[in-house]
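Written below as structure tokens is the structure these notes are about.
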Amino acid sequence: MSENPEVTYHFNEGEVLLFDKPINWTSFDLVRKVRAAIKRHLNTKKIKVGHAGTLDPRATGLLIVCTGKKTKAIESFQSFDKEYIAGLYLGATTPSFDRETRVDKEYPNEHITRDLLEETLKGFIGVQEQIPPVYSAKKINGQRAYKKARKGIDVEIKPSVIEIKELEVLKFDLPELILRVKCGKGTYIRALARDIGERLNSGAYLTSLRRTGIGDFRVEDAMTVNDFKAQLEKESLIEDLKEE
């Protein structure tokens with residue numbers, strides 16, 4: 001997180017705040033905590049707070065949170081390219097395409113070489129159709145797909161048009177793979193993991209996911225909710241001292 005001891009917020013006029021979401025929090029969990037902190041700080045019952053681009057609970061990393069009049073910019077932020085660091089396991093699949101569910105099938109992976117992987121990844125660059133995971137927040141007849149999937153109800157999801165702009169192998173050590181992914185709006189990295197496994201004539205699922213960038217915004221400049229609360233306490237203390 002970048003140090004900024006002189007920060008002064010104007011929440012109603014609008015702020016664009018960068019947060020590093022921890023694992024096992026939903027994006028709404030983070031927004032709820034931020035909203036509660038701001039309401040206490042301003043001694044108000046109402047303040048507009050929203051996020052630009054949902055992260056799965058098991059994912060960590062950059063979440064843009066907007067307040068006040070800046071919430072009108074959320075849609076534009078959602079259209080920015082995203083960057084992720086993704087961990088994959090090669091040689092098995094799960095129903096959710098990540099660790100939320102248990103391994104259901106295992107596949108050979110001995111044939112997967114670095115050269116085969118690099119050549120396969122080239123085929124993912126560009127505009128394409130992707131079928132989102134059934135364990136996702138996609139709405140099917142007004143209900144979130146994951147709610148139906150968790151009840152064992154068959155879910156049919158139509159493909160979405162996405163764009164993969166960059167794929168870089170950061171680590172290849174079978175069965176582990178770490179990728180840097182730069183992609184457009186609406187891309188599911190869990191679905192990308194599934195598709196990579198299939199094209200390698202094997203299986204794959206996501207083991208970790210961290211969002212490192214949204215447009216020009218970087219996770220290195222983000223703060224935790226505790227950082228934010230500490231800044232608000234410091235700002236309140238400064239204001240109290242001014243009034244003395």
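No value in this document is a laboratory result; all are computed from the given coordinates. The shown structure was predicted, so the numbers you read here are calculated from the model rather than taken from an experiment. Heads up, the Cβs are rebuilt from the backbone with ideal geometry, glycines too, and the neighbour counts pull from every protein chain shown.
Quick look at the numbers
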{"item": "Virtual spin-label span in nm between Ile74 and Asp216, 7 Å along Cα→Cβ", "result": "2.4 nm"}
{"item": "Gain on full stretching of the segment that runs from Lys171 to Thr224 - 0.36 nm per residue minus C-alpha separation", "result": "16.3 nm"}
{"item": "Region 17-49: trypsin sites (Lys or Arg not before Pro) falling in loop per DSSP and having at most 12 other Cβ within 10 Å", "result": "Lys45, Lys46"}
{"item": "Order of Glu75, Glu100 under a 10 Å beta carbon neighbour criterion, fewest first", "result": "Glu75, Glu100"}
{"item": "J(HN,Hα) series, region 96-112, from Karplus relation 6.51 cos²θ - 1.76 cosθ + 1.60, nearest Hz, glycine and proline x", "result": "8, 6, 8, 8, 5, 10, 7, 4, 10, 8, 10, 9, x, 9, 5, 7, 7"}
{"item": "Positive-end residue of Thr60, Val219, Leu42, charge dipole of the chain with Cβ unit charges", "result": "Leu42"}
{"item": "Identified option (computed Cα extents along the principal axes in Å; candidates (i) 85, 40, 32; (ii) 64, 37, 33; (iii) 73, 39, 30)", "result": "(iii)"}
{"item": "Pair Asn201, His111: separation of 7 Å Cα→Cβ label points (nm)", "result": "0.2 nm"}
{"item": "Exposure proxy order (Cβ contacts within 10 Å, fewest to most) of Ser76, Ser160", "result": "Ser76, Ser160"}
{"item": "³J(HN,Hα), Karplus 6.51/-1.76/1.60, whole Hz, each residue of region 125-134, x for Gly, Pro", "result": "6, x, 7, 7, 9, 9, 8, x, x, 5"}
{"item": "Cα-centred dipole magnitude for the chain, charges only on beta-carbon of K, R (+1) and D, E (-1), debye, nearest 20", "result": "1340 debye"}
{"item": "Which listed pairs, of Lys33/Lys72; Lys69/Lys165; Lys165/Lys234; Lys21/Lys70, have C-alpha distances above 30 Å, in listed order", "result": "Lys69/Lys165; Lys165/Lys234"}
{"item": "Order of Val161, Val31 - criterion: other Cβ atoms within 10 Å of each residue's Cβ, fewest first", "result": "Val161, Val31"}
{"item": "Spherically averaged projected area of region 1-139 from its Cα convex hull (nm²)", "result": "11.9 nm²"}
{"item": "Dipole magnitude (debye, nearest 20) for region 41-81, charges at Cβ of Lys, Arg, Asp, Glu", "result": "380 debye"}
